[in-house]
Amino acid sequence: MAGNGCSSLFGLLSVMALSGIMCVEVPKLKLNNGKLMPAIALGTYLGFDQGGVVKSVNKQLANVVMNAIDIGYRHFDTAAIYETEEEVGEGIRKKIEEGAITRDDVFVTTKLWNTQHKREQVPLALKQSLNKMGLNYVDLYLMHWPIGLNDDYTFSDVDFMETWRGLEDVQKSGLAKSIGVSNFNLDQLRRLIKEASIKPVAIQVEVHPQMIQSEIIEYAKSESMVVMGYSPFGSLVMRYGMQFPGPKIDEPILVEIASKYNKTTPQVVLRWQVDRNVVPLPKSTNLKRLKENIDIFDFKLEQYEIEKINQFHNNVRYTLPSFWQNHPYYPFEKIDNPQDNPFLNKRKQ
Ligand SMILES: NC(=O)c1ccc[n+]([C@@H]2O[C@H](COP(=O)([O-])OP(=O)(O)OC[C@H]3O[C@@H](n4cnc5c(N)ncnc54)[C@H](OP(=O)(O)O)[C@@H]3O)[C@@H](O)[C@H]2O)c1
């Protein structure tokens, strides 16, 4: 396995050991174009509240990214809509300037927003993202949704295949090393693969114990694509400031597995993803939990343990933008009662 830049920190090892910093060598997955993707990424979406998208204050996120690099994270997941690209880029650039890593050591994923789906808009959108990050290229550019929107958020009729041509353009011009999609359903992914000139390397979807995504994982494997799993902790953690129904951090089945490996239940859920060939994208801005979440590469679940966790599946999504459900390319099941949608309405258990 190639070094990931932890080794370039080895000269500092005694200092790091003294300050209690560990650096985990994260394994890498080979993509269908031969490039390598680190098997876990740091999620950098800070969520939303009444004021809209939550923003980093006092460079908190840039510092988190620098700490994350110190402890071994080499893959960062951001998006134009998260408004975190600037600080993700800043944290990475500072670590490159310090000589701790090179640009080749890190894998940066960002995403095209829905209002820039026309083919000619795609290179401009990616250049805007790159300018914010202060980088020359991204390792992976994803179409965030198959849904095109006009500037005023009315539905646009741009076909996602037109958008894909724009993603192919940015890969050909070198602005993105690889391209892929997010929030596509299986039929949409099949159509994309059939009509694409460049095959996507990855699909990013919601994956956690209540949304196990077996069909997409199986299909992606058959096409040599990587699945990236967002919101990996599912109901284990608070979402939108609330605790939702579903397995919690003290769920007995998870606790039993965690005790066997001397790990925590969040670590078991992340390892469950790794063992199902999913690249988890846990978000944390807390140093203790950053370390906990990356410390999952020294154990492996048994098949029966994976299946036990699979049994929590009940098709619950936390990202359910039903306000788009009449769009022709809405990827998810439509719901009859949007008032029951936890994504839109804060519901107490
Ligand atoms: N493609 C898409 O449409 C899409 C949609 C949603 C998310 N994503 C990506 O996926 C990433 C992760 O998803 P997410 O942020 O929704 O959910 P998540 O990573 O499942 O959960 C994040 C929450 O878990 C807490 N947490 C982290 N580690 C923990 C641990 N070990 N123990 C207990 N709590 C822990 C975090 O708090 P602290 O920060 O305080 O630790 C935070 O409140 C996003 O940041 C984004 O990059 C993509």
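Quick notes
- Alpha-carbon centroid distance for the pair region 146-169 / region 57-92, whole angstrom: 27
- Too-long pairs where the Cα-Cα distance tops 29 Å, listed order kept, from LYS28/LYS308; LYS30/LYS334; LYS94/LYS221; LYS194/LYS291; LYS95/LYS308; LYS260/LYS288: LYS30/LYS334; LYS94/LYS221; LYS194/LYS291; LYS95/LYS308
- Each other residue within a Cβ distance under 12 Å of GLU307 adds +1 if Lys or Arg and -1 if Asp or Glu, for a net charge of -1.
- Spacing of the modelled spin labels on TYR304 and ASN277, each 7 Å from Cα toward Cβ, amounts to 2.5 nm.
- Relative exposure of LEU61, LEU186, LEU135, judged by other C-beta atoms within 10 Å (fewest first): LEU186, LEU135, LEU61
- Relative contact order of the chain, defined on C-alpha pairs under 8 angstrom at six or more residues apart (%): 15
- Estimated at 0.36 nm per residue, the fully extended path between ASN337 and ASP187 surpasses their Cα-Cα distance by 51.5 nm.
- Using the Cβ of GLY148 as centre and a radius below 10 Å, the other residues enclosed give a net charge of -2, where K and R count +1 and D and E count -1.
- For the chain, DSSP calls about 25 percent of its internal beta bridges antiparallel.
- Here ILE253 and ARG289 are evaluated by their C-beta separation; at R0 = 22 Å the FRET efficiency comes out at 0.50.
- Helical runs assigned H by DSSP (4 residues or longer) give the chain a calculated mean residue ellipticity at 222 nm of -9500 deg cm²/dmol, each run adding -39500 (n - 2.57) before division by the residue total.
- At an R0 of 30 angstrom, the distance between the Cβ atoms of ASP151 and ASN32 translates into a FRET efficiency of 0.30.
- Residues whose amide H lies under 5 Å from that of GLN243, counting only those 5 or more places away or on a different chain, are GLN349; hydrogens are built 1.01 Å from N in the peptide plane.
- Region 195-313: relative contact order in percent, alpha carbon pairs under 8 Å with at least 6 residues between: 29
- Selected from THR109, THR84, THR154 as most flexible by GNM, with the chain as the system and alpha-carbon contacts under 10 Å: THR154
Values quoted throughout were computed directly from the atomic coordinates according to the rules given, and no laboratory measurement underlies them. All values derive from a computational prediction rather than experimental measurement. Note: ideal-geometry Cβ built from the backbone for every residue, glycine included; neighbour counts use all protein chains shown.
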